[in-house]
Amino acid sequence: MQPHKNLTGYISGFAVPKFVIDSPHGGGKIPINPDYVISTDDNV
C-alpha cells in the first residue's frame, strides 16, 4: 500500500491505480484504499 500512498497527490487521480474487491453475488466493487486497511498479516 506504500506505493499507492506515495502516488496519491502527486499525479492525476486517473493515473493512480485503484485496488478493488469484486464482491460475489452482485455485491459490486469495493475500493480498498490505504485508509480501509486495518491490519496486514502474512498468515491470511
Kindly indicate whether any position in segment 10-20 is assigned to a strand (DSSP E or B), surrounded by 11 or more Cβ atoms within 10 Å (Cβ to Cβ) and at pLDDT 75 or above. yes
If you go through LYS29, LYS5, the only one that is in contact with a helix residue (DSSP H, G or I) (Cβ under 6 Å, 6 or more places away or on another chain), surrounded by 10 or more Cβ atoms within 10 Å (Cβ to Cβ) and either in a helix (DSSP H, G or I) or modelled with pLDDT of 70 or more (or both) is LYS5
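The values are calculated or read from the model by the stated rules, or taken from the named source; none is laboratory data. Computed from a prediction, not measured in an experiment: that's the story for all the values here. Every residue, glycine as well, gets a Cβ built from its backbone with ideal geometry; the counts of neighbours run over all protein chains shown.
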